[in-house]
Amino acid sequence: MEEDIKILIVDDNPKYLSEALPLYGYSVEVVTNGVDALKALEKNYESIDLVLLDVMMPQMDGWDTLKAIKSNKNTKYLPVIMVTAVNEEHKIVSGLKHGADDYVVKPFILPNLLARIEAVLRRSKWQEEKNTKKDVNFQPKGDVEPLTEREREVLTLVAEGKTNQEIAEKLFVRDVTVKTHLNAIFRKLKVKSRTQAVLLAIQMNMVG
């Protein structure tokens, strides 16, 4: 994950996620119940990009927390992934109806969760609004360095909305190789995010 994405983990047993997600480039904030989650969002909702919300928690469960998040005008578009040991279809459907963007059933495989996080962020209206406000008038600081042919290929696929995994499959390389190319692109273009890289590439006619 190349962008500075912050995830709010709401779980009464957060150790695994709080240790694993930073290894993949995410920054995390951790609370152990729904009440504290709402307090954290009230204070810093603009800095949060996604909520991983456990269902079974003390004080306020995940469903009630979800309803509160989605009924607040400041956070109604904030993406939420429910993390639950409850594999009951009617409850999962209810959660989706109340605004959950996805759900993951415990025990889960970490790559599955990471893929779902990336997919939710990619289609998030919340993220689009934040990126638009932050990047619409973006201008690079200083001269940019020329990209290699492979870096241009990667950037073109990023502009098409491809994930790192999809780019890796398209170019027959490993995911880590794509990340290396993206880091080089960010450095050469003097940008900090995929959105900024694509905006600048379009401005400079690097991609169609």
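The values are calculated or read from the model by the stated rules, or taken from the named source; none is laboratory data. Just so we're clear, the structure is a prediction, and the values are computed from it rather than from any experiment. Here the Cβ is made from the backbone with ideal geometry for all residues, glycine too, and neighbour counts use every protein chain on show. Calculation scope for accessible area: heavy atoms of the full protein, side chains included, ligands and nucleic acids excluded. Shrake-Rupley method; radii C 1.70, N 1.55, O 1.52, S 1.80 Å.
Please enumerate the residues belonging to segment 76-90 that are open to solvent by 10 Å² or more (accessible area, probe 1.4 Å), in a loop (DSSP other than H, G, I, E, B) and not aromatic (Phe, Trp, Tyr). Spell out the reasoning first.
Taking segment 76-90 first, the residues open to solvent by 10 Å² or more (accessible area, probe 1.4 Å) are 76-77, 85-90.
Narrowing the set further to residues that are in a loop (DSSP other than H, G, I, E, B) leaves 76-77, 85-88.
Lys76, Ala85, Val86, Asn87, Glu88, listed by residue number.
Does segment 152-161 contain any residue that is in a helix (DSSP H, G or I), open to solvent by 80 Å² or more (accessible area, probe 1.4 Å), without any contact (Cβ under 8 Å) to a residue 24 or more places away in the chain and not hydrophobic (A, V, I, L, M, F, W, C)?
No - not one qualifying residue is present in segment 152-161.
Output the residues belonging to segment 43-70 that are part of a loop (DSSP other than H, G, I, E, B) and under 21 Å from Ile5 (Cβ atoms).
Selection gives Ile48, Asp49.
Val173 is checked against (1) in contact (Cβ under 8 Å) with a residue 40 or more places away in the chain; (2) of a type in the set (A, V, I, L, M); (3) in a loop (DSSP other than H, G, I, E, B) and fails just one. What number does that condition carry?
(1)
Under the condition of being over 29 Å from Asn74 (Cα atoms), charged (D, E, K, R) and in contact with a helix residue (DSSP H, G or I) (Cβ under 9 Å, 6 or more places away or on another chain), which residue from segment 130-159 is modelled with the lowest pLDDT?
Glu145
Among the residues in segment 35-44, are any closer than 30 Å to Val178 by Cβ and of a type in the set (A, V, I, L, M)?
no
Can you tell me which of Ser47, Ser27, Ser18, Ser71 is small (Gly, Ala, Ser), closer than 16 Å to Glu118 by Cα and out of contact with any Pro (no Cβ under 9 Å at 6 or more places or on another chain)?
Ser27
Select from segment 23-42 the residues that are at pLDDT below 90 and assigned to a helix (DSSP H, G or I) and write down the one among them that is farthest from the chain's Cα centre (by Cα).
Leu23
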